[in-house]
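The values are calculated or read from the model by the stated rules, or taken from the named source; none is laboratory data. From a predicted model like this one, the values you see are computed outputs, not experimental measurements. Neighbour counts run over all protein chains shown; Cβ positions are idealised from the backbone, glycine included.
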Amino acid sequence: MIGDLFKETVWSLAGNKVRSGLTILGIVIGIASVIALVAVGQGAQNSIAKNIESIGSNLIIISPGSQRVGGISQGGGSSETLTTDDADAIKSEIANISAVAPSVSKRYQVTAKGNNTNTQIIGTNADYLAARNVAIGSGSFFGDSQLKSSAKVAVIGPTTSEDLFGTDADPVGQTIRINNIDFKVIGVTVAKGGSGFNNQDDIVYVPLLTAQHYLSGNSYVNNISVAAADQQYMTTVQSQITELLLRRHKISDSTQADFSLMNQNDIIATASSITGTFTMLLSSIAGISLLVGGIGIMNMMLTTVTERTREIGLRKAVGIRKIYINLQFLTEAVILTFLGGGIGIILGWLASLVISKLISLTAQVSLSSVLLAFGVSAGVGIIFGFYPARRAANLSPIEALRYE
Amino acid sequence: MIECRNLIKTYISGDVRTDALKGVSFKINKGEFVSIIGPSGSGKSTLMHILGALDNPTSGEYFLDGHEVSKLDDDELSDLRRNKIGFVFQAFNLLPRTTVLRNVMLPLLYSGMTMEERNKRAKECLRYAGMEESKFMNLSNQLSGGQMQRVAIARSLINNPSIILADEPTGNLDTKTSKIIMDAFRELNRKGHTIILITHEMDVADCANRIIQIRDGLVERDAPNKPNDHVI
Ligand SMILES: Nc1ncnc2c1ncn2[C@@H]1O[C@H](COP(=O)(O)OP(=O)(O)O)[C@@H](O)[C@H]1O
Ligand SMILES: [Mg+2]
């Protein structure tokens, strides 16, 4: 009996290759796109969160410009309100902080030995290492004397080193050229493994004064990184900094502040609200594909209803019981949706892998997206494959044979 | 074994009401060879569907081997059709894109019979219906009208039914093919099967031992006939 059922089903599916193929295609498209798009969205979200976490949890970043609006800093870094003196004042007047690192940053073309790369130049001081969790791999970071003398020395990230000097080369002691000025490389940082949007390994550090002198040409800074001595001091330190800077900038109304403070949690919140929107967008696209796939499946199933109703009429006319007819059509629908579902899941997963490689982030296939996509497609396939058949099997054979 | 009492069938489609059968009564005994003849639209196919347990009358009673057919449930009707009735449709009704052999074996599905046995039986029935061996694996849509008719007849024989109902089995066929098919029915009748066949051609009807004439949904004449085997 079961053998008959199975043979009948397989034969029926194989005998209607176009119908079977298109139904499977509809399911595959729906499922694969949902899986891939949701995976990319989540991958992006995780990768950004990881990048942010790697910058340190006791970190407070002070940026110039107006107060945050709705959690997003307005034009951070564009206005010039923070100076090195502000940083010095914070360092000398506020307790429970372990590092204060003012910094300027800008992208420049960097060349060495005929190689060149476009990378982020950060002018800062030695506190930056502690504030941002940066470690030195070979050579050393610049110290106070090099800071004060505006020495033309640079510490480069491992990716930059590779781009300029090739793999396994030791760049310490070599010269790189930034904005037509020669800098001597004195150290290389340890890889932080950041990727994609915000690669913290593709970077060049130079002394703050040097950057202001040779590159930016003024004494303003783009931001000040402050590390609290411990997580527990974060709130006090933040309010003390705000108070101090308001006083120094002679601003009485704190809503008019010309700087803004962000801690790691704020940054994560901001970033996840952005990636959340991104994921939402991808999910909507995925939802639309699922809908399109579903309509395709439904359409395929419904356009064959006439032919299938007649077939069911004939089966009943020759004396096959209703239960076997129902079972056969249910099995058909189940096999189609599971076949399509299986292919769709594999395809979606492969697509996520390929996209991961292409845009260098780890796309994460989530079980819930697989289940959702599969559930919807399978539901549509089974309902629209089985329901008309069940109805037809309840007709008298003559009614079913006459159906049009 | 077959008894109809005052069968009435009324089709209602939209506002249109068609009285296809207006009170048909007769008895047919086991082993009879009966022709039902009448002009097109007189209600022959409608009657045949009721006799074949494929459709229910609007009113009236139909007994088959003592069972009142309209009282049977869906599964009992299926079993009845499978075990007792071989039906040859006017429109053949073969499964599309399906081999001749598979079409003939269709009623044996879920019977628990082995594949070899099914194949053997199907081939026997096909040979019996005069089908060429070389066409057994052809798809149903690659056949001529006469070949489809033979496949339809072979399928009706597969369960060795006691009653064979054929709706205009020679309607689309040339004289030579018609003769082969009528020979098959005569042979089946000799073996003890009850044969009821519908036709609108007098010389086909003339093969039977009894002719029932239908007109406008009523039995006009019901009389024994001396079969004339030489015409067809
Ligand atoms: N399903 C149906 N719906 C409505 N009218 C029908 C249906 N089937 C048959 N009829 C009508 O019933 C009458 C008898 O039809 P039928 O039994 O097919 O006649 P015959 O087989 O003798 O040509 C005809 O007038 C036909 O139009
Ligand atoms: Mg007819």
* Asked: Just to be sure, is A:ALA363 more than 16 Å from ligand 2 (Cβ to nearest atom), closer than 13 Å to A:ALA36 by Cα and crowded, with 22+ Cβ neighbours inside 10 Å?
  -> yes
* Structure fact -> The number of residues in the stretch A:317-332 that are within 7 Å of chain B (Cβ to nearest Cβ) and touching a residue at least 40 places away in the same chain (Cβ under 8 Å) is 3
* Structure fact -> Of (1) within 16 Å of the chain's Cα centre (by Cα); (2) farther than 24 Å from B:ASN119 by Cβ; (3) part of a helix (DSSP H, G or I); (4) away from ligand 2 (no atom under 16 Å from the Cβ), B:SER70 satisfies every one except (1)
* Structure fact -> Among A:LEU314, A:LEU371, A:LEU358, the single one that is touching a residue at least 40 places away in the same chain (Cβ under 8 Å) and of a type in the set (A, V, I, L, M) is A:LEU314
* To do: Give the stretch B:1-48 a look and list any residue that's loosely packed, with under 15 Cβ neighbours inside 10 Å and aromatic (Phe, Trp, Tyr), or say none.
  => B:TYR11
* Starting from the stretch B:85-98, take each residue that is within 15 Å of ligand 1 (Cβ to nearest atom) and list its partners that are part of a loop (DSSP other than H, G, I, E, B), counting only C-beta distances under 8 angstrom and pairs at least six apart or across chains. => B:PHE87/A:VAL318; B:PHE87/B:GLY52; B:PHE87/B:LEU54; B:VAL88/B:PRO169; B:GLN90/B:GLU168; B:GLN90/B:GLY171
* Qualifying strands (runs of 3 or more DSSP E) (wholly inside the stretch A:116-188; at least 3 residues being modelled with pLDDT under 90) -> none
* Asked: Given the structure, is B:PHE26 within 22 Å of B:ALA205 (Cβ to Cβ), at pLDDT 95 or above and away from chain A (no Cβ under 14 Å)?
  -> yes
* Asked: Counting just the residues of the stretch B:166-187 that are aliphatic (A, V, I, L, M) and farther than 20 Å from B:ALA122 by Cβ, which one comes out nearest to ligand 2 (Cβ to nearest atom)?
  -> B:LEU173
* To do: Only residues in the stretch B:164-187 that are at pLDDT below 90 count as the first member; pair them with residues that are within 16 Å of ligand 1 (Cβ to nearest atom) and acidic (Asp, Glu), Cβ under 8 angstrom, at least 6 apart or cross-chain, and list the lot.
  => B:THR170/B:GLU201
* Being among the acidic types (Asp, Glu), under 30 Å from B:ILE12 (Cα atoms) and surrounded by 14 or more Cβ atoms within 10 Å (Cβ to Cβ), is that true of even one residue in the stretch B:49-64? -> yes
* Check A:THR306 against each of (1) surrounded by fewer than 19 Cβ atoms within 10 Å (Cβ to Cβ); (2) under 28 Å from A:PHE374 (Cβ atoms) and name the one condition it does not meet. => (2)
* **Those residues of the stretch B:8-59 which are hydrophobic (A, V, I, L, M, F, W, C), without any contact (Cβ under 8 Å) to a residue 60 or more places away in the chain, under 30 Å from B:GLU187 (Cβ atoms) and away from ligand 2 (no atom under 16 Å from the Cβ), in sequence order** => B:ALA53
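Only one of A:LEU353, A:LEU347 is farther than 22 Å from A:ILE288 by Cβ and either at pLDDT 90 or above or within 25 Å of the chain's Cα centre (by Cα) (or both); which?
Going through A:LEU353, A:LEU347 in turn, just one is farther than 22 Å from A:ILE288 by Cβ and either at pLDDT 90 or above or within 25 Å of the chain's Cα centre (by Cα) (or both): A:LEU353.
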* Structure fact -> Counting only residues in the stretch B:1-28 that are aliphatic (A, V, I, L, M) and more than 15 Å from ligand 1 (Cβ to nearest atom), the one farthest from B:ILE196 (Cα to Cα) is identified as B:MET1
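Quick one: is A:SER396 within 14 Å of chain B (Cβ to nearest Cβ) and surrounded by fewer than 20 Cβ atoms within 10 Å (Cβ to Cβ)?
On the way: within 14 Å of chain B (Cβ to nearest Cβ): yes; surrounded by fewer than 20 Cβ atoms within 10 Å (Cβ to Cβ): yes.
So A:SER396 passes the test.
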* To do: Within the stretch B:67-93, count every residue that is buried (at least 23 other Cβ atoms within 10 Å of the Cβ) and closer than 12 Å to B:ALA152 by Cβ.
  => 4
* Hey, among the residues in the stretch B:161-177 that are within 14 Å of B:SER45 (Cα to Cα) and not in a strand (DSSP E or B), which one's nearest to ligand 1 (Cβ to nearest atom)? -> B:GLU168
* Could you grab the pairs with beta carbons closer than 8 Å, sequence gap of 6+ or different chains, first residue in the stretch A:43-55 and under 18 Å from A:ALA131 (Cβ atoms), second one at pLDDT 80 or above? => A:SER54/A:ASN133; A:ILE55/A:ARG132; A:ILE55/A:ASN133
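Here's the yes/no breakdown for (1) in a loop (DSSP other than H, G, I, E, B); (2) of a type outside the set (Ser, Thr, Tyr); (3) within 14 Å of chain A (Cβ to nearest Cβ):
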position	(1), (2), (3)
B:PHE92	yes, yes, yes
B:ARG97	yes, yes, yes
B:GLY112	yes, yes, yes
B:GLN147	no, yes, no
B:ARG150	no, yes, no
B:ARG155	no, yes, yes
* Candidate set from the stretch B:56-71 (those that are touching a helix residue (DSSP H, G or I) at 6+ places or on another chain (Cβ under 8 Å) and closer than 19 Å to B:SER162 by Cα); member that is farthest from the other protein chains (Cβ to nearest Cβ) -> B:PHE63
